[in-house]
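Bear in mind that the values in this text are calculations on the coordinates, not laboratory data. Quick caveat, the model's predicted, so the values are computed rather than measured. Note: ideal-geometry Cβ built from the backbone for every residue, glycine included; neighbour counts use all protein chains shown.
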Amino acid sequence: MMHNVWKKLKHPLHDSSGSVTVEFVIWFPILMFWLLGTIVFFDAFKARSNLSSANATVADIISRGSENSDLYMTLLYNMQTAMLPRTSGNGLRISSIQFSIDPDIPGDLGSYEVEWSAVAGAASVVLVDAEIEINALPNMYDGESLLFVESSVPFVPLTTYLGINFQTIRNQVAISPRYESRVVWVSP
């Protein structure tokens with residue numbers, strides 16, 4: 001008799017008829033979170049990669065020329081916009097920066113000066129001497145001029161449940177002019 005009671009108490013412990021449902025309820029939210037997270041992170045990586053490619057292309061094109069103007073800046077911005085699918089509100093800022101060392105000051109470490117700066121799209125502030133990010137520039141020799149191309153694009157994730165909110169992705173490229181010592185700004 002005691003054996004039958006013990007058997008009836010033991011039977012629910014070995015019953016596995018609802019285990020698949022319980023496992024599904026536990027694992028499904030985790031798997032969906034993982035899948036959604038993968039899609040959002042891939043989308044952010046793709047947006048950053050597209051901006052980097054577009055920015056490098058703009059930098060390469062402008063480094064091959066000898067002058068820049070408002071019309072040329074607009075053409076470069078339109079090309080960049082065409083290279084960035086599914087985006088709007090991108091910005092482009094191109095600046096020519098010169099490095100110089102004053103020979104009259106012994107031990108002068110040199111200074112950076114903005115020769116010209118132009119903006120297009122969402123970028124609305126031209127670069128000034130005080131805002132030059134020296135860490136973003138390569139080592140330069142006295143009298144060298146380079147082009148500093150900065151691009152930005154807004155990134156809106158598919159969902160904000162993962163902790164990624166709206167942000168602006170930025171990219172910077174410093175490149176030396178290829179065929180001339182500097183690229184000059186031509187005013188109309």
* Asked: ³J(HN,Hα) across the stretch 132-143 via Karplus (A = 6.51, B = -1.76, C = 1.60, θ = phi - 60°), whole Hz, x for Gly/Pro?
  -> 5, 8, 5, 5, 7, 9, x, 5, 10, 9, 4, x
* **Label-point gap, in nm, between Val20 and Asp108 - each point 7 angstrom along Cα→Cβ** => 8.1
* Which whole-angstrom value gives the distance between the alpha carbon centres of the stretch 87-104 and the stretch 116-182? -> 8
* Going 7 Å from the Cα of Lys46 in the Cα-to-Cβ direction, what parts of the stretch 54-96 have a backbone nitrogen less than 16 Å from that spot? -> 54, 83-88
* Asked: Counting alpha carbon pairs within less than 8 Å and at least 6 residues apart, what relative contact order, in whole percent, applies to the stretch 20-185?
  -> 30
* Check Asn68: other-chain or 5+ apart residues with amide H under 5 Å from its amide H, H built from backbone geometry? -> Val184, Trp185, Val186
* To do: Show me 130-140, 76-86 ranked by packing, highest mean number of other Cβ atoms within 10 Å first.
  => 76-86, 130-140
* Could you go through the stretch 57-69 in sequence order and give the Karplus-derived ³J(HN,Hα) for each residue, using 6.51 cos²θ - 1.76 cosθ + 1.60 with θ = phi - 60°, rounded to whole Hz, and x for Gly and Pro? => 5, 4, 4, 5, 5, 6, 6, 7, x, 10, 8, 9, 8
* Stretchable slack from Glu115 to Asp60, in nm (0.36 nm times residue separation minus alpha-carbon distance) -> 17.9 nm
* To do: Work out how much length Leu36 to Ala130 would gain on full extension: take 0.36 nm times their residue separation and subtract the Cα-Cα distance, in nm to one decimal.
  => 29.6 nm
* Structure fact -> Extension length gain for Leu137 and Thr159 (0.36 nm per residue less Cα distance), in nm, is 4.4 nm
* Structure fact -> Between the modelled labels at Ser100 and Leu75 (7 Å from Cα along Cα→Cβ) the distance in nm is 3.1
* **Sparsely packed trypsin sites (Lys or Arg not before Pro) within the stretch 94-188, loop by DSSP, other Cβ within 10 Å at most 14** => Arg178
* Asked: In a GNM of the chain with a 10 Å cut-off on Cα contacts, which of Ser95, Ser111, Ser19 has the highest mean-square fluctuation?
  -> Ser19
* Helix-derived mean residue ellipticity, 222 nm - over the chain, DSSP H n ≥ 4, -39500 (n - 2.57), to 500 -> -13500 deg cm²/dmol
* Structure fact -> Which residues qualify? For Phe155, with a placed amide H closer than 5 Å and at least 5 residues away or on another chain, they are Gln167, Thr168, Ile169
